[in-house]
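Single-structure report; data block below.
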Amino acid sequence: MELQQRGALQVFPGSTMDLLLGDVLDHYRTYGVLEKLLQLPERIYDQWIFQMLPGVQQTIIKMYYDFDDAVMRELLGKKLSARHRKELDEVSISTGINLKSCRRQFDNLKRITKAVEELTGTVLHNIRNHFCLPDDLAKKYCAIIFIAGNRFETNKRKLHFLTFNDFYNCAHSMMSHWTTATADEENEGCSVDLERDFLLELRDLRNLLEKEKEHKISICKVLKGKISDRIYSEVEHNFKVYSRTLINIAYGLNHNKELRDLFIDLVEKYIDPCKHLHWPPSEMKSFLQAYVETGYQLDIFKSNPSLKIVWKRYIDGLSGCILAMYHN
């Protein structure tokens, strides 16, 4: 009946309803067999049931493991438990995505997460090789695993305005600058293990608080004429507030709770106040660039080169998060 309402018989003149129904059922049966292979994509290349060109095989795998950003945003940071799977009808309603599709995306994420936990080697390498996924999609799964593995809070009301792409960019920035990466992972920016020694070393950045006056003078010289007079005046009068916020966040990241609440702290303590003052994103970027570059000139870094590296890694990683999150 539904096929008739869609005008299927008009699209395929000469066809009967029985013929069309039979063809649809054949496709469902084919998909049922193919889906079992897709759950272990490597089998696709070894099987002889379906004769497909390599390009077609790759396309089918990518389409099966691809996901809707809106659905993944709902799943981000949640345990992939049976209870949450039962609640996918709510995800379907809120995102407008078919329930079966939501279940497929949930199951795929759970399958990949479980697999990489049991495999040795780098996460990105394992996702690419064992699930035969293209780089861009594999990196997205890598970012999801990074956020979940480090238990970042992503679901508080304060964070509802952030999209999956925002969190992906934040994860990529942290993975590029704050993790223990092998040479290959460093090139990819996809290590998922935060470097604990680096997080401990961040506490030493509090020594910068003793150099606030010098830092302020330097940054004001750099920003003069590069940002609007209104924002320049804000930096000139309240540099201490902005600088101390960023340094105090750094100081707490070696504690699990502060690390877990990083996104909340950034929104409440830095992003929301800047939004209230209507900082343009371009001037926010200029400030952060000047903040790290003028910091290099401070005596504290000249006498301690290793701390200079910690400073650059921290601000580069944090700037990526702030700029990704700085929108309405």
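Please list, in chain and number order, the residues 5+ apart from THR179 or on another chain whose amide H is under 5 Å from its amide H, with Hs placed from the backbone.
Amide H to amide H, under 5 Å and 5 or more residues apart or across chains, THR179 pairs with GLU195.
Once you have the Cα-Cα distance between LYS156 and ARG206, take 0.36 nm times their residue separation minus that, and quote the gain in nm to one decimal.
15.1 nm is the gain from fully extending LYS156 to ARG206.
For the chain, what does the accessible surface come to per residue with a 1.4 Å probe? Please give it in Å².
55 Å²
For a quick check of understanding: with a 1.4 angstrom probe and all protein chains in place, what accessible area in square angstrom does ASP204 have, to the nearest ten?
80 Å²
Among rounded, prolate and oblate, which fits the range 244-328 when a ≥ b ≥ c are the square roots of the eigenvalues of its C-alpha gyration tensor, a/c under 1.5 means rounded, and a/b larger than b/c means prolate?
oblate
Please get the size of the charge dipole for the chain, origin at its Cα centre, with Cβ charges of +1 on Lys and Arg and -1 on Asp and Glu, quoted in debye to the nearest 20.
Roughly 800 debye, rounded to the nearest 20.
Which helices of the chain meet both criteria: a Cα extent of 27 Å or more along the helical axis and a mean Kyte-Doolittle score no lower than 0.0, with helices taken as whole DSSP H segments?
Membrane-span-like by this rule: 17-38, 305-325.
Where does the chain land at 222 nm, in deg cm²/dmol rounded to the nearest 500, when only DSSP H runs of n ≥ 4 count, each adding -39500 (n - 2.57), divided by all residues?
-20500 deg cm²/dmol
Taking the Cα centre of the range 264-324 as origin, work out the dipole magnitude from +1 charges on Lys and Arg Cβ and -1 charges on Asp and Glu Cβ, in debye rounded to 20.
Computed about the Cα centre, the dipole is about 200 debye.
How high is the FRET efficiency from SER233 to ILE93, r the C-beta distance, R0 45 Å, rounded to 0.05?
The value I calculate is 0.40.
At 1.4 Å probe size, with the rest of the protein present, what percent of the exposed accessible area of the chain is carbon and sulfur atoms?
For the chain, the apolar C and S fraction of the accessible surface comes to 51 percent.
Between GLN39 and LEU19, with labels modelled 7 Å along Cα→Cβ, what's the label distance in nm to one decimal, could you check?
Inter-label distance under the simple model: 3.6 nm.
Would you work out the charge dipole size for the range 220-328 about its Cα centre, treating the Cβ of every Lys and Arg as +1 and the Cβ of every Asp and Glu as -1, and quote it to the nearest 20 debye?
In debye, rounded to 20, the range 220-328 gives about 260.
In the range 41-136, what chymotrypsin sites (Phe, Trp or Tyr not before Pro) fall in a loop by DSSP, with at most 13 other Cβ atoms inside 10 Å?
Here the sparse-neighbourhood loop sites are TRP48, PHE50.
Pop the C-beta distance of ALA115 and HIS84 into the FRET formula with R0 = 22 Å and round what comes out to the nearest 0.05.
According to the calculation, E is roughly 0.70.
Name the residue farthest towards the positive end of the dipole of the range 102-205 from the options ASN126, PHE198, ILE112, assuming +1 on Cβ of Lys and Arg, -1 on Cβ of Asp and Glu, about the Cα centre.
With unit charges placed on the Cβ atoms, the residue in question is ILE112.
The values are calculated or read from the model by the stated rules, or taken from the named source; none is laboratory data. For clarity, every value in this text was computed on a predicted model and none was experimentally measured. Note: ideal-geometry Cβ built from the backbone for every residue, glycine included; neighbour counts use all protein chains shown. Side chains are part of the model used for accessible areas, which takes the heavy atoms of the whole protein and leaves out ligands, DNA and RNA. Shrake-Rupley method; radii C 1.70, N 1.55, O 1.52, S 1.80 Å.
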